[in-house]
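Reviewing the structure listed below.
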Amino acid sequence: MTVRALIVDDETMIAEDMALQLGARPDWEAQFCCDPSLVLDLITRHNINVCFLDIEMPGQSGIALSQQLRSDFPSVIIIFATAFAEHAATAYRLPATDYLVKPISASVLDEACVRVEQQLKAAGSKAIDPTAGMIAVKSMGRTDYIKTSEIVMGQAAGNYVCLHSKNREYLHRASFGELSDQLAPHGFLKCHRSYFVNASKVVSFVRNMKDGDELILEGGYRAPVSQAHRKSVNMVLSSSEMQG
């Protein structure tokens, strides 16, 4: 899993240095922002997992920004990073994973990163429960719990995945690649770089030399089958036919 971090600090050198340190970690991507007013847009566009927030910043404090993030992006992990230890009492009352005092040593930053990785791993294991067959679909300010068996197909939509069920569509804030990999053990297969389908919901496999192959699914949904995925789709569907 890739951890996508955003450092929010009005001191450019500090923010850039932390971004370089985090970006050097395996499976981490990091960027920094010195303008708190841009944070919500960056989180949406880049599917950020964790925010390192300075507390004293011009325009908006890290405390106020963290409260807004809790409301709009409840799954984003928050870590406070400040040079002022007197903020600790306030920060610790808020739902943050960590509180770091500047200057932040490499060992302290490493420990914080390990806690982030553990928290994301635990959240990922809870997002899809193999026993219950449920998935937590997270959108802005809302989490819906639906059965994986009810999902017909998924379609990439920027930093979101549009999940189609028989009666409703859900816009899930997640990486298309990671979500398709998580759902694969539940009978889902990728048929295109931007589409995955529930194999049990496939009604027909239509071959069309002119417009390209596609799958017809329950509910009248259609999903394209790319050349790169045609063989694997054929294998899965043929296996289903034999088992049936």
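The values are calculated or read from the model by the stated rules, or taken from the named source; none is laboratory data. Note that the coordinates shown come from a computational prediction; the quantities given were computed from them, not determined experimentally. When we count neighbours, we look across all protein chains shown, and the Cβ atoms used for this are built from the backbone with ideal geometry, even at glycine. Side chains are part of the model used for accessible areas, which takes the heavy atoms of the whole protein and leaves out ligands, DNA and RNA. Shrake-Rupley method; radii C 1.70, N 1.55, O 1.52, S 1.80 Å.
Which residue, of L163, L179, L189, is assigned to a strand (DSSP E or B) and under 28 Å from L40 (Cα atoms)?
After applying the criteria, what remains is L163.
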### Task
May I ask you to verify whether A157 is under 18 Å from the mean Cα position of the chain (by Cα), at pLDDT 85 or above and surrounded by 12 or more Cβ atoms within 10 Å (Cβ to Cβ)?
yes
### Residue under evaluation G187, criteria (1) over 27 Å from V76 (Cβ atoms); (2) open to solvent by 50 Å² or more (accessible area, probe 1.4 Å); (3) without any contact (Cβ under 8 Å) to a residue 40 or more places away in the chain, criterion not met
(2)
### segment 66-96, subset farther than 15 Å from C33 by Cβ and modelled with pLDDT of 80 or more, residue surrounded by the fewest Cβ atoms within 10 Å (Cβ to Cβ)
Q67
### Message
Condition first: of a type in the set (A, V, I, L, M, F, W, C) and outside any helix (DSSP H, G or I). Can you find one or more residues in segment 12-26 that meet it?
### Response
yes
#### Entry: All positions within segment 123-139 that are at pLDDT 75 or above and of a type in the set (A, V, I, L, M, F, W, C)
M134, I135, A136, V137
#### Entry: Residues satisfying the stated conditions in segment 160-184, i.e. open to solvent by 40 Å² or more (accessible area, probe 1.4 Å) and touching a residue at least 40 places away in the same chain (Cβ under 8 Å)
K166, E178, Q182
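Being not aliphatic (A, V, I, L, M) and not in a loop (DSSP other than H, G, I, E, B) is the filter; apply it to segment 38-53 and report the residue that is most open to solvent (accessible area, probe 1.4 Å).
Taking segment 38-53 and keeping what is not aliphatic (A, V, I, L, M), we get 41, 44-47, 49, 51-52.
Right, trim to not in a loop (DSSP other than H, G, I, E, B) and you get 41, 44-46, 51-52.
Working: D41: 80, T44: 38, R45: 120, H46: 68, C51: 0, F52: 3 Å².
Taking the candidates together, the pick is R45.
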## Note on the structure
Only unsatisfied item for I63, checking (1) in contact with a helix residue (DSSP H, G or I) (Cβ under 8 Å, 6 or more places away or on another chain); (2) within 23 Å of E111 (Cα to Cα); (3) buried (at least 21 other Cβ atoms within 10 Å of the Cβ), is (3)
### Query
Tally time: how many residues in segment 195-240 are part of a helix (DSSP H, G or I) and open to solvent by 30 Å² or more (accessible area, probe 1.4 Å)?
17
### Query
Out of segment 1-56, which residues are among the aliphatic types (A, V, I, L, M) and in contact with a Ser or Thr (Cβ under 9 Å, 6 or more places away or on another chain)?
M1, V50, L53, I55
